[in-house]
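The values are calculated or read from the model by the stated rules, or taken from the named source; none is laboratory data. These numbers come from a predicted model, not from an experiment. Note: ideal-geometry Cβ built from the backbone for every residue, glycine included; neighbour counts use all protein chains shown.
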Amino acid sequence: MKIEWHKQPQGEFSFTAGDINIYHARMIADQQITFVTELAGLLDLGKLENALAILHKALPILSTVVKVKEDRFQRIPFPEYQPSISIARITDNPQQEIVRFIGRPCDPECEPPLKVHLIRQKDRDTLCFKIDHTLSDAAGLRYLLSLFAEAYSTGNIAQPINHERGFGQVFHQFSTWTIFKATRKASLPIPGTTLLHGKFHGENTFIEHLSLDPDHFEQMKLEARRNGATVNDMLLAGLYQTVFKYINSDESASYPVMVPVDMRRYLPEGQRGVIANLSSAVYPSLKVLPNESFHGTLERVKACMDDFKRDQPGLGPMLLMSVGALFGGRMIKQRYQKAAQRGSRFINYTNFGVLERERFIFRGTPIEQIYGVGPIQYAPGVLIALSTYQNVLHFVVQGKGNQEFQAAIHQFLNEVVANLPK
């Protein structure tokens, strides 16, 4: 038996359960996601503007704003909106301009969700492609960037676009019994103990960015295969090895980590090109064991993640999110209000995935590197965004706070990378 879920009509500016979740999650994080593309030359400004126009024509939802009235959410067209690309011309390192653009807040009720910023040096460009998270998750933005690159290179978009944005299209793939079983196992844990202590308040926005070179990455992949583990298992074990240094061994509770799951995995191949919040999460949770080796932690991580994989990971929490989004998401709002009062203490370890070179080609201008930057999760919470391009693995934390907090994040991120086998 299959559940019959209501389909959102194509062309309607839908506001989904996933969008409602992120709208209320703004209490604990500045909800914007960015891909930064570093090029080895200059882009054609006319082609960039044309590509942006093509993108907005193919996806009119990019020209909308959010309207909220009591418990009702709508997307409405932004009057007479003309999408454009902002340009900053600089002579030195673009990092400061990248941070400035990425850290600029966005109000989804007053501004359309997509921002494109070109940082131009004498002989090279850096393209920043940013979305408000109330419209799309990182997987959606990754696809949007590939559409933009295609429009720039060919003057057209041939890749399929799925305009249905709701969770129902995922639930429709499963029987009632499968969804029931997944929901029985689903739970949303309480955040763990605070790892980083201090008065971290401040308006300073920063980005801490480390990368794993291809040789180190290949060694890690070999080690994963030798242990029957995945790359994500290895990365999570490296994170837990670091977390364990920050908590006492007599802590009775396990420490949970939020690991997002892209639910597009359950859709047919031709329907995965959807610009939406189509993500759920699993929450591996481990206790600290004194003097545990990396391989000991890896075994526990693998067992935990294998258990999730046996029952459609993310499906149960997605249904809970759908229920929580009823009546304007009052239940979700209350949950985030409590999290904000405690100071969100989750580590969100989100893998934006592999950016395939062939899908991100700006014809005539080679790309040197692409990496993703996630939302600012307010201190003492930490969101680590992972992404891979040309076999370089990037670790990025976007933060806001004083210099003490940035220094703590810098040290924490270095320890995570140092814990990964070479």
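Worth pointing out:
- Within the stretch 210-230, residues that are closer than 22 Å to Glu415 by Cβ and surrounded by 12 or more Cβ atoms within 10 Å (Cβ to Cβ) reach no partner that is acidic (Asp, Glu) and modelled with pLDDT under 95 with beta carbons closer than 7 Å at six or more positions or on different chains.
Yes/no per residue for (1) buried (at least 23 other Cβ atoms within 10 Å of the Cβ); (2) farther than 20 Å from Gln169 by Cα:
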| position | (1), (2) |
| --- | --- |
| Leu286 | no, yes |
| Arg300 | no, yes |
| Met318 | yes, no |
| Tyr336 | no, yes |
| Gly353 | no, yes |
| Val373 | yes, yes |
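- Of all positions in the stretch 358-369, none carries a residue that is closer than 30 Å to Asp215 by Cα, in contact with a strand residue (DSSP E or B) (Cβ under 7 Å, 6 or more places away or on another chain) and of a type in the set (Gly, Ala, Ser).
- Residue check for Gly166: out of contact with any strand residue (DSSP E or B) (no Cβ under 7 Å at 6 or more places or on another chain), assigned to a loop (DSSP other than H, G, I, E, B) and crowded, with 16+ Cβ neighbours inside 10 Å: yes
- Residue match in the stretch 266-285 (condition: closer than 30 Å to Phe15 by Cβ and free of Cβ contacts under 8 Å to residues at least 12 places away in the same chain): yes
- Residues being free of Cβ contacts under 8 Å to residues at least 12 places away in the same chain and closer than 27 Å to Lys47 by Cβ - total across the stretch 59-89: 2
- Members of the stretch 198-242 that are out of contact with any helix residue (DSSP H, G or I) (no Cβ under 9 Å at 6 or more places or on another chain) and either on the phi > 0 side of the Ramachandran plot or not polar (S, T, N, Q) (or both): Glu203, Asp213, Pro214, Asp215, Glu218, Leu222, Arg225, Arg226
- Within the stretch 199-254, the set of residues being at pLDDT below 90 and assigned to a helix (DSSP H, G or I) comprises Tyr246 only.
- Annotation: of all residues in the stretch 174-198 being in a loop (DSSP other than H, G, I, E, B) and buried (at least 17 other Cβ atoms within 10 Å of the Cβ), the one that is nearest to the chain's Cα centre (by Cα) is Pro191.
- Hits in the stretch 392-422 - residues which are touching a residue at least 24 places away in the same chain (Cβ under 8 Å), among the polar types (S, T, N, Q) and either out of contact with any helix residue (DSSP H, G or I) (no Cβ under 8 Å at 6 or more places or on another chain) or closer than 23 Å to Cys128 by Cβ (or both): Gln398, Asn402, Gln403, Gln406, Asn414
- In this structure, Pro317 does not qualify as more than 30 Å from Leu45 (Cβ to Cβ) and free of Cβ contacts under 8 Å to residues at least 60 places away in the same chain.
- Counting only residues that are within 19 Å of Asp125 (Cα to Cα) and within 13 Å of the chain's Cα centre (by Cα), the stretch 331-377 holds 3 of them.
- Only one of Asp137, Asp123 that is at negative phi, buried (at least 18 other Cβ atoms within 10 Å of the Cβ) and either of a type outside the set (Gly, Ala, Ser) or out of contact with any strand residue (DSSP E or B) (no Cβ under 7 Å at 6 or more places or on another chain) (or both): Asp137
- Filtered by the rule that a residue be in a loop (DSSP other than H, G, I, E, B) and either within 14 Å of Phe346 (Cβ to Cβ) or among the acidic types (Asp, Glu) (or both), the stretch 283-297 gives Tyr283, Pro284, Glu292.
- Among strands (runs of 3 or more DSSP E) entirely within the stretch 13-127, having at least 1 residues that are modelled with pLDDT of 95 or more and over 24 Å from Val274 (Cβ atoms) singles out 32-39, 86-89, 114-120.
- Scanning the stretch 46-105 for residues that are surrounded by fewer than 15 Cβ atoms within 10 Å (Cβ to Cβ) and of a type in the set (Val, Ile, Thr) returns Val68, Ile76, Ile87, Ile90, Thr91.
- The stretch 268-321 - residue that is hydroxyl-bearing (Ser, Thr, Tyr) and within 22 Å of the chain's Cα centre (by Cα) and, of those, farthest from Thr134 (Cα to Cα): Ser285
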